[in-house]
Each structure stands twice: as structure tokens, then as C-alpha cells.
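In what follows, a structure is listed as C-alpha cells, so that the remarks can point back to it.
The values are calculated or read from the model by the stated rules, or taken from the named source; none is laboratory data. None of these values were measured; they are calculated from a predicted model. Positions of Cβ are backbone-derived with ideal geometry, glycine not excepted, and every protein chain shown enters the neighbour counts.
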Amino acid sequence: MKMTKNTFLVIIAVALLLGGFSFNVLAQNDLGRLTPVKVKVSCDEFQMKKDVSKSVKMAEHGRLEVILCSNPSTGYDWSDSAQISNHSVLWQASHTTSSSSSSALGAPGEAKWVFKGLDEGKSTISLEYSRSWQAGGADNWSLSLQVHVIDEDDVDKKDSDETDGGSTGEKLVRDLFNDIDQSNLSSLEGRISDNFQGVSESGVSNRKDELKVLGNSKFEDYELSHFKSTRQNDTLIVTYKLRAEETVRGEDADDEPVNQLSVFVKTDSGWELIAHAGGS
């Protein structure tokens, strides 16, 4: 059976939604009130960077789970109690460890801490992975987690005000295409995430590939329409139609309306395009 463009985009959209958007640390819809907000750091991530820093938001009276790679067979272990900078905002409810599901000798397991949000405000959670008899080892790991506890009323207001995100989504897409039309590569570089992934009839692309393609794209005329946006916390999915008379990769593109899907994530620097699916 031949897959149409519309079918392909629907599959991509469903996959993105079911995937949970685990880019950086994205909280649950209720910010921990029903489902715990989770922060997980793997052994591979610690091997790449021994001192890891992250940030997360959670609701007042919500729960936060911190899950870190751990392998006691090496003599290294995480501190049982986390250092919490502001105990009026956050407190530690529990700390547990679990062994690996693998039968391989010395396979790493996980250590998990559960924290409870007490009151709105900010606090830092600090954890260290070390050998108790070896202070300041070069192979020690550490996690510094900045936690922002939000008032429950603010969470409810955020959910009601930002569930759709329609005007924001349309503006982000229109600004993006305006930069493409004006060949404003410096602005495009600031709009596209380092973790960008794209897919089209021509294949898959990363950030470098996409910037190269956009730099070679020339619009003679284009029209954007049929916008629909869905926002989940710091992730925004936008679907729309693009009709364009353009040249892409040195060839004239189809000027019939084509369905497009763009995914944006909110960072400290603003919204960034992290995924895109559409026609060539």
C-alpha cells in the first residue's frame, strides 16, 4: 500500500505525542500533582559529563522523582540524603536503589529519590556519586537540579490559558517562514534547536542539514493556512498547510498545498524548532 503525505504526517504526529517529548526535562501536564515529574540521568550521560546540571518545574504539593545510574559493585554510591538549599520549598520523601534487570556481572542499576513540593519558590537539589573512603575523586559524578515549585493556582491558570497555544504556534511558523523567505540565516540559526530532527520525501535531516537546505530555498510566493496548535507545557505542536512556488535543492517544488508539522520546545532562550515533517 502506498503511503500518502497525509498518512505519513499523521503517523509522525502520533509518534511524537506518544513519545512524551523527553527533550531536556519536560514536566507532566499537572507538574507532579497526579503523575510524578521525572528527571532521569543515564550512565552514558554521566560518562560524557561528570557534573550534570538540569532544571525542572513542579507544582506545590506535587512529587518529583530523580532517577540516576548507579553501580555499587564499583565501590561508588550516591549519597543517601540529597543536599537541599531551601527546605521550606522542598523535602526528600524517600531514597531507594534497584539492581539491573540484566544478568551480566556488574551491570549498573538505578538509585531513585522522591521529593515533595511544600511551598512555591526555588530550591537546588545536589547529589554526589563517590567512594566513601576517597574524597574528591577525579571520577566522581554529581547532579545539580534547580527546582521551581509553582503555586497550584498558577498551574491551573497555565493549563487553562495555554492548552491550545494557537496564536503562539501560528506566529512561530510565520516568523520562521519569513526568515526563510528573506534568507536570514543568522536568525534561522537561533530558531532551530541543536537537537533538531526533520523528515521529508527527500529523507531525514539534522540541524546542519536543515540549515543548508533552507539556505538554498528560494520562495517566489507562498501561503500558510489551516493552522492547528496543541501545547503541552514547554512543547508546542503546530500543523498547517503550505502552498509555495519555490525552489528547493535546485528543483522546482510542487505548488499544491502540502500538510506540514512543526514541533517547538521552549528554552531559556525562547522557542526553538526541534522537529519538522512535511513535503519536500
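Worth a mention:
- Of residues in region 174-205 being among the small types (Gly, Ala, Ser) and closer than 20 Å to Val238 by Cβ, the one modelled with the lowest pLDDT: Ser200
- Yes/no for Thr168 being polar (S, T, N, Q), surrounded by 15 or more Cβ atoms within 10 Å (Cβ to Cβ) and either at pLDDT below 90 or part of a helix (DSSP H, G or I) (or both): yes
- Exactly one residue out of Thr124, Thr96 is part of a strand (DSSP E or B), over 19 Å from Val56 (Cβ atoms), at pLDDT 90 or above and not charged (D, E, K, R), and it is Thr96.
- The listed residues are Lys50, Lys57, and the only one of them that is at pLDDT 90 or above and crowded, with 18+ Cβ neighbours inside 10 Å turns out to be Lys57.
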